[in-house]
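S.K.: The structure is given below, and queries will be raised subsequently.
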Amino acid sequence: MALRTARSATLIHVLLAGVILSSVLQTILLWSLDPNLSVLNVSARNWSFATIVSMFLFALVAMARWGREVIAELGLVQKTLLLGTAVYVLAWGTYHGDMAVWITTISWLLAIAMVPASLGFAAGGGLSGEGHWKLLGLAAIVHVLLFLLALYLLWDTEDYPWTNRTPGFNNIRHLTYLLVPAAVVAGTLHMTQSERRLWPLISFAAAVFYLFLTGARGGVFAVTLALPMMLVICRVMGGVTISGRVVQLATLYLALLGIVAAIPDLPFDSIWARAESLAQGGTVTGGRWGVWTASAEAIRDNWLFGVGPVALGNIQGPTEEFALNHPHNLLFQILLNWGVLGSALLIATGAALAVRVFDLDRTELADRCPALAAILGMFIHALVDGGLYYLFSVAIFLIAFVVLIRPSERLQAG
């Protein structure tokens, strides 16, 4: 069993490390082609492509190794809902017949396959421990350092399009889809773990600094709301919160806010600049309201089945409101893509799998607080942004979900 666990842990670490490093390697490659970074436009879609490949290999290996065990272990309702959701996505996605839609449909099918595949890794011990959270923290630190390096090199470059040409993630705020779960998980670990470890604090600082620096209002909102909620949730789940650590985290949060305020002449809007714009009459939603209204109208017209996994901009409607790829709200996104029927299937499937947490004792529940922290942070973020639109963030969400619901080690041992 120990050898099996070691192999499982190694394989999932290789998978996650490959996804994390793909962005770094693409950055270095393009940088070598153009030292001035004028063509450095590696977008979140490129990162998602690397994630698709990694998820395919992950699902293939995991299902080949543990498929029978996992399928046998799942209940009839769980298996039926997983299969029904996959069939619905395949049928409705194929019906629309557009190549871009087919690719997105494949992404959805891979995401569904990730659940039993990840449960297979969990059965082999490959999702225990903190290895995945350390890799998430490392990803946050590495990408923030890459961004700061590019910012230093391009500081004097006039009219550089930072908003839509950020190294590694194209849009300057796409990186926040990775940094929000990293910040909430790191903050939760720092507040609840008795051991003195530096990496959660460094990861939290890197992620929150970037959110403040780049004016990522949705990310700041998610982290600021999720961490106090996790203080309460961890206590309910049987964990312990350390008051001194909570004060440390709050102090660091405010210190980072002050540091960003002291940085002059940024080539993009920081959180302070966006707050000042709001004080001068700007809107809290930043244009989201128009997108949400247009999305609601499209949902009303296609309420039962949805429109399939198409980009929001491909739906005929007011050009200005449908210029974005997604509604910037997870609930609208699911309803728009899959309608009431598909949304009910997805929610029922998630709920049927989530009931597994009731098999856990309080000690096991407390150990899974970081997984719930990632889920909560990403869910809150996805209510006001596109946090669960791109596949790389969906992969993080699914891994966190499976870490939360993985089989009880106590029952496995019994």
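Coordinate-derived values only; no laboratory data. Source: prediction; values computed, not measured. Here the Cβ positions follow ideal geometry from the backbone for every residue, glycine too, while neighbour counts run over all protein chains shown.
S.K.: Hey, fewest Cβ within 10 Å first, where do Arg235, Arg217 land in order?
M.R.: Working: Arg235 14, Arg217 22.
Sorted ascending by nearby Cβ count, the order is Arg235, Arg217.
S.K.: Ranking Tyr210, Tyr177, Tyr152 by Cβ neighbours within 10 Å, fewest first, what do you get?
M.R.: Working: Tyr210 26, Tyr177 29, Tyr152 9.
With the sparsest Cβ surroundings first, the list reads Tyr152, Tyr210, Tyr177.
S.K.: Continuing with this model, one more query. For the residue pair Leu231 and Ala91, what label-to-label distance in nm results when each label sits 7 Å from Cα along the Cα-to-beta-carbon direction?
M.R.: Here the modelled spin labels are 4.9 nm apart.
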